[in-house]
Amino acid sequence: MPSAEARQHQRSKAPQPLAYLLASVRGVGQVDLQPGAWTGAVILLGLWAAGWETGLFATLGTLISTATAYALGVDRSGIALGLQGYCGCLTGIALVSSLGHHPATYVLAVIGAIMCTLLMAALTTLLAPYGLTALTAPFCLVSGVMVLGAPSFGRIWHGDPAPVSSTTSGDTALSWDDLWHGFFTNVSQVFLVDDWYVGLIMLVGLALAGVRVVLFAVAGSAVGIFAAWALGAPAELIANGIYGYNAVLVAIAVGAVLLAGTVWNAVYALFGAAATTGLTASLTSLFKPFGGHTFTWPFILTTWVLMAAVPLLPRFRPSD
Amino acid sequence: MPSAEARQHQRSKAPQPLAYLLASVRGVGQVDLQPGAWTGAVILLGLWAAGWETGLFATLGTLISTATAYALGVDRSGIALGLQGYCGCLTGIALVSSLGHHPATYVLAVIGAIMCTLLMAALTTLLAPYGLTALTAPFCLVSGVMVLGAPSFGRIWHGDPAPVSSTTSGDTALSWDDLWHGFFTNVSQVFLVDDWYVGLIMLVGLALAGVRVVLFAVAGSAVGIFAAWALGAPAELIANGIYGYNAVLVAIAVGAVLLAGTVWNAVYALFGAAATTGLTASLTSLFKPFGGHTFTWPFILTTWVLMAAVPLLPRFRPSD
Amino acid sequence: MPSAEARQHQRSKAPQPLAYLLASVRGVGQVDLQPGAWTGAVILLGLWAAGWETGLFATLGTLISTATAYALGVDRSGIALGLQGYCGCLTGIALVSSLGHHPATYVLAVIGAIMCTLLMAALTTLLAPYGLTALTAPFCLVSGVMVLGAPSFGRIWHGDPAPVSSTTSGDTALSWDDLWHGFFTNVSQVFLVDDWYVGLIMLVGLALAGVRVVLFAVAGSAVGIFAAWALGAPAELIANGIYGYNAVLVAIAVGAVLLAGTVWNAVYALFGAAATTGLTASLTSLFKPFGGHTFTWPFILTTWVLMAAVPLLPRFRPSD
């Protein structure tokens, strides 16, 4: 941590435009907990491939929340790694897909991205005593609050363009098509996108981050499908990636980023991926009465629990 | 902090009646985060002007929870500033307006005021590591739990005298009358009162606490109205102060009490006031399925987030 | 706390079968916060007397979560006291009574018991800064999540064998039969069992743990009945122990385990027992919209609040 004087000096200087753009590209990759610029660039490409609205709002959200972090004097080493951009990225996508493409949605995306930076600072303070990080919680909180409040406001609400999927009924027999669709959409649903080819592009981006990262992403997706099938989830939801995106995130976070590369740790990460699949149904039922959205809460809660348990479970070892 | 011996000695003595009354009057003002006795006295006058039931239950709640704090040996310097009375004050008002004026309501108000003192101690312990204070959370928890459980109990429940306002529909065009009504009821709704002249009396009390306090109260009320209008909230709810009382509290707390008097801090406080206005709709939707009440939760959550973010955002500076 | 080397050595050895069984029997007693093996054995007898399914799932859950703790290298002194078994015990009972006796329920009970050990570690980390313990929260979280998610999954859900009791209506006049039934079922409902003779057997087990423990259990049950009657709860629910089991737990935990044996502390514990009775109705109303279960949340929340308040209330003193 730089001295108070150095930080004072640092924030008196505007950032280089190139540094700002690089931090933003990395911010897109940080949704999957990857700081690599190439990974971020390929994933951003995937988002634009999903549709110009998705790409535009993802880009806008990432740029605004990164810029807010510069303006408020947040520590620059974290900004450079993209840690101030990823929640804005997801918030932009969540707002345009929940509220539709209207002028008011642009305003809300900007305000939401600013709030993501504030929430990121607040949660970092609150989680610090436990050695936990905020993960995507700022996104879930900001988007959750905005989507929950939106129907109360005449200038924002134009009807629901994306009704919440039901998780409670439907045929449970998986076809071959369901299987490979689900395998890829599990990766794209991390960004609220349900196109299999977007998931494929994103897997390429994750491969650029290293073998271990892409292996855990793939294993997480497979475990998510298996767990959902074993529990008897509707095939349609499995094929759309609804049940597997949290498993992908837990596998990457716990298996490839936060813990060291041991066999016990890998088993722990994949157990977490299976558990988060079940938790997805619980949280969706929990949020249904008030129209809330599940977003990536199952990933966040599962990862917090698994990581908070580690200090008392000597079998598992944090990465250095 | 006094030594253990001094505290032992201190709590063996009963408080002076005058000190007890002064601490209670200050407790009324602490609802608006003001320790001044004159401010508390004028606000208490406003509560009695709102109706004898409101005045009586506010007085009863403040007296009981302050007395509980003495009896349990709470640190006396905090009691003297009124910090043990304000949650009991609000709980008394909330219970009589939610449950009606019945003998059982008096009993519940006494129990609720005792619980406020316990919750205040518990939350102070839990929030201490983060440098946050309990604000009005003890009131929201105690009153929320009591109002939520009340319909299950035959000896307490006599039907709902104050159905929860809907925040989801209605005309959004603001008349001049809506505007100035809302401006004052935003101040009185902090105490669950929707009479504009009570808000006016309370503003006089806040003016006695200093120019900065009353300026932020006024600015918070204006920002709350503007934000609600910009979002497209129903005019009737704006006129009744439903959308603005949290903005008043956030503006006073963040702008005039917790942060230093800089331009960045003032912008931050008013941004928070606008944000809490939106959050009010979200929380009301969240609480609706189980008949919960919003109370001052938007103020509490917004202020906790803003203050927890400050240590990582060097632009903002706590007050000394 | 043993040194890192000693712990490394310790977990490389498999536990003695006898030590494992003893730790599991103690785990059953730890549901009532008692480490005594005889207490655990008598309570386990009561569970088998309630029905072989209840006894079997309680035994299975306790054995699995204790074994998981050994396998993951949890500190052995805590395991030996039964601290790793009690949440698995309750989770087993909750799953068989909520999901019915099916092959899938066995699988879920095993997974749930494993998760209880993880949650126990995670909550212990999170609560450590406040000097609080996890109590039965791992059970409530694991069982709550599983029961909430279950209806979404075709291979798990076979209809609800135990619909949630309504707490909102019914005759409030208590007969003599209601009274003594309630007195004993308050003790058995801690384990989700509503047979009065099971409660009687469990009281015998608690008597083996000492006079103070059984006195507080009895006083808690009486206070729970009185508070529920005074509030006007339906007589049928009082007779079934729905309103009193949390009072029994609070009285034992605060009165006989966590605080020293003073008069002020005893009053505090019994005040908490009365308060948790009211909280039971609030939480049941809160959980109703999404089909959640109250389990022992009222006990947990009440005890956390009372214990977190103690450091600032010099009248009360923790046990040594």
Q.
Of the residues A:VAL214, A:VAL248, A:VAL223, only one is under 17 Å from the mean Cα position of the chain (by Cα), surrounded by 24 or more Cβ atoms within 10 Å (Cβ to Cβ), more than 12 Å from every other protein chain (Cβ to nearest Cβ) and of a type outside the set (Asp, Glu); which?
A. A:VAL248
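Need a quick list: helices (runs of 4 or more DSSP H) entirely within the range C:27-109 having at least 2 residues that are in contact (Cβ under 8 Å) with a residue 12 or more places away in the chain and crowded, with 21+ Cβ neighbours inside 10 Å. So that I can check it myself, show each step before the final result.
On the way: elements: C:37-49, C:52-71, C:76-80, C:86-99.
Once the helices (runs of 4 or more DSSP H) in the range C:27-109 are filtered for at least 2 residues that are in contact (Cβ under 8 Å) with a residue 12 or more places away in the chain and crowded, with 21+ Cβ neighbours inside 10 Å, what remains is C:37-49, C:52-71, C:86-99.
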Q: Collect the residues in the range C:10-26 that are without any contact (Cβ under 8 Å) to a residue 60 or more places away in the chain and part of a helix (DSSP H, G or I), keeping them in residue-number order.
A: C:SER12, C:PRO17, C:LEU18, C:TYR20, C:LEU21, C:LEU22, C:VAL25, C:ARG26
Q: For the range B:251-265, enumerate the residues that are part of a helix (DSSP H, G or I) and touching a residue at least 12 places away in the same chain (Cβ under 8 Å).
A: B:ALA251, B:ILE252, B:ALA253, B:VAL254, B:GLY255, B:ALA256, B:VAL257, B:LEU258, B:TRP264, B:ASN265
Q) Going through the range C:42-88 one residue at a time, which ones are touching a Leu at 6+ places or on another chain (Cβ under 8 Å) and at positive phi? A) C:GLY73
Q.
Suppose we keep only residues that are in a helix (DSSP H, G or I) and away from chain B (no Cβ under 12 Å) within the range C:298-319. Which one would you say is surrounded by the fewest Cβ atoms within 10 Å (Cβ to Cβ)?
A. C:ILE300
(Q) For the structure I just gave you, tell me whether A:ALA260 is touching a Ser or Thr at 6+ places or on another chain (Cβ under 7 Å), closer than 27 Å to C:GLN84 by Cβ and not aromatic (Phe, Trp, Tyr). (A) yes
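For the range B:67-85, give me each residue that is in contact with a Lys or Arg (Cβ under 9 Å, 6 or more places away or on another chain) and closer than 19 Å to B:LEU135 by Cα. So that I can check it myself, show each step before the final result.
Residues of the range B:67-85 in contact with a Lys or Arg (Cβ under 9 Å, 6 or more places away or on another chain): B:69-76, B:80-83, B:85.
Within the range B:67-85, B:ALA69, B:VAL74, B:ASP75, B:ARG76, B:ALA80, B:LEU81, B:GLY82, B:LEU83, B:GLY85 meet the criteria.
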Q: Identify the single condition in (1) assigned to a helix (DSSP H, G or I); (2) at pLDDT below 95; (3) away from chain C (no Cβ under 14 Å) that A:GLU236 does not satisfy, given that it satisfies every other one.
A: (3)
Q: Kindly list the number of the only condition in (1) part of a helix (DSSP H, G or I); (2) under 16 Å from B:ASP32 (Cβ atoms) that fails for B:THR280.
A: (2)
Q: Given the conditions (1) open to solvent by 30 Å² or more (accessible area, probe 1.4 Å); (2) in a helix (DSSP H, G or I); (3) modelled with pLDDT under 95, report the number of the one that B:SER285 does not fulfil.
A: (1)
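The values are calculated or read from the model by the stated rules, or taken from the named source; none is laboratory data. Keep in mind the model is a prediction, meaning the values are calculated, not measured. Neighbour counts are summed over all protein chains in view; Cβ atoms, including those assigned to glycine, are modelled from backbone coordinates with ideal geometry. What goes into the accessible areas is simple: the full protein's heavy atoms, side chains included, and nothing from ligands, DNA or RNA. Shrake-Rupley method; radii C 1.70, N 1.55, O 1.52, S 1.80 Å.
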